[in-house]
Amino acid sequence: MLAPWKKSYDQPRQHIKKQRHYFADKGPSSQGYGFSKQRASIRFKTTLMNTLMDVLRNRPGWVEVKDEGEWDFYWCDVSWLRENFDHTYMGEHVRISHFRNHYELTRKNYMVKNLKRFRKQLEREAGKLEAAKCDFFPKTFEMPCEYHLFVEEFRKNPGITWIMKPVARSQGKGIFLFRRLKDIMDWKKGTAGKKLTSLEAQPARNTVNPSGSHDTRSSEDQKDEIPVENYVAQRYIENPYLIGGEMAVSYIPLRAWLYRDGFARFSNTRFTLNSIDDQYVHLTNVAVQKTSPDYHPKKGCKWMLQRFRQYLASKHGPEAVETLFSDMDNIFIRSLQSVQKVIISDKHCFELYGYDILIDQDLKPWLLEVNASPSLTASSQEDYELKTCLLEDTLHIVDMEARLTGREKRVGGFDLMWNDGPVSREEGGPDLSGMGNFVTNTHLGCVNDRKKQLRQLFRSLQGQKKTPN
């Protein structure tokens, strides 16, 4: 269904800056992901007062627990995880909304390090052509530790635009663009001597030793090693697509579900490189755009992904669009594989990732960042409906009610795209890539008839329970 404010954007000229996709990642389990036996009620806890709270309170059989009460399901924030995870006993049935070291993928500097390492690994093991499939993130340097490498690259390509992003902040805070080395030198001088004051700026990182064991050094040791707030300097994509997801995951084995819906975010101001200081041109974060004098809260700066896919098909043809979305599938899987061996997999954990992807004029997708805490606050009625459905289906996949068999390839708006290997769209197809007309089981930006599918699914599951073995 198209947005009700379609008419206002019949001839849009803003640029698509990011796409948000939703990806669910869950901890391993042999039979679904919930209780081994159904329970009369499920005790939940969360501190997030947004769409999530509405979904949890309205879920049949779920009871809210406050303060120090015992809980079965906790949608926590990452600060609670950092302070309490290692000291919290969790029963067999308990589920929590983050992996212990989720930041290996969701911190900008760690994400790039892991992708670079994974690319080198692929080149050694499978050759350059396979490694080239990881060329979906802009050239990036961690600052200040890679400052000299950055300067060397900067001087090779004078005049291009770079973007600086703090690794530990969100909502566009601390970001700036630059073209002169003097700008970055001024930044470097300004950061000298600034000590980290909290773990929010830099999490204690569990590293993996050659033996495979995790190095859990204390946060104080980590602070001594990282004396300033880290940034990344990233080559700016200067040719964004001009128009006139989320995931759920587990790691051992890698099991990933891709949500059909998402949205394309764009700026409220006509794109130009003549003014690199104008945040309303270059940053599409809602937190930034809503402060623009021209921002209209009812119209917002988003298109539903289905609408965007239809627009692209009308301009470039269905084959080009299929290639684009297949390239995005590659980004989802390769990024997850890059951290599969370093994420501390725990059967109690699941993760809802939000992927920010920029599309350029050549219809090439670029991974900008992955969010462990994608915004669940709605900016419009359409946004509220999308996030409500997304969260309901995430809870279906987590399956605290123990209704699923573990063999499902679709649950509501989620499609299982990877189950320790690619999942075929065709029923009964081999889960192996490179097999003739193999098509991965993804439907990003396609019709999401989730209500009909859920009715059929749960009716079928109920019938299986009544049928004797």
Amide proton proximity set for CYS349, modelled H, under 5 Å, gap of 5+
GLY27, ILE96
Would you work out which of THR140, TRP71, GLY61 lies farthest towards the positive end of the dipole of segment 45-150? Charges go on Cβ: Lys and Arg +1, Asp and Glu -1.
THR140
Just how large is the dipole of segment 42-100 about the Cα centre, in debye to the nearest 20, putting +1 at every Lys and Arg Cβ and -1 at every Asp and Glu Cβ?
200 debye
Segment 42-100 - Debye-derived log10 I(q)/I(0), Cα point model, q = 0.26 Å⁻¹:
-1.24
R0 of 51 Å, Cβ-Cβ distance THR405-LYS182: FRET efficiency to nearest 0.05:
0.25
List, in order, the whole-Hz ³J(HN,Hα) value for each residue of segment 160-166 obtained from phi through the Karplus relation with A = 6.51, B = -1.76, C = 1.60 and θ = phi - 60°; use x for Gly and Pro.
7, 9, 10, 10, 9, 9, x
For segment 290-414, what is one quarter of the convex hull surface built on the Cα atoms, given in nm²?
10.5 nm²
Go through ARG57, ARG169 and list them by solvent-accessible area, largest first, probe radius 1.4 Å.
ARG57, ARG169
Determine the order of SER97, SER326, SER79 by accessible area, beginning with the largest, at a probe radius of 1.4 Å.
SER326, SER79, SER97
Points 7 angstrom from Cα along the Cβ direction at VAL439 and GLN361: gap in nanometres?
3.2 nm
Any idea of the accessible area per residue across segment 42-100, 1.4 Å probe, to the nearest Å²?
50 Å²
If packing is taken as the average count of other Cβ atoms within 10 Å, what order do 80-87, 115-122 fall into, highest mean first?
115-122, 80-87
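The values are calculated or read from the model by the stated rules, or taken from the named source; none is laboratory data. Keep in mind it's a predicted model, so treat the numbers as computed, not measured. Counting neighbours? That spans all protein chains shown, and the Cβs are built from the backbone with ideal geometry, glycine included. SASA here: full protein model, heavy atoms, side chains in, ligands and nucleic acids out. Shrake-Rupley method; radii C 1.70, N 1.55, O 1.52, S 1.80 Å.
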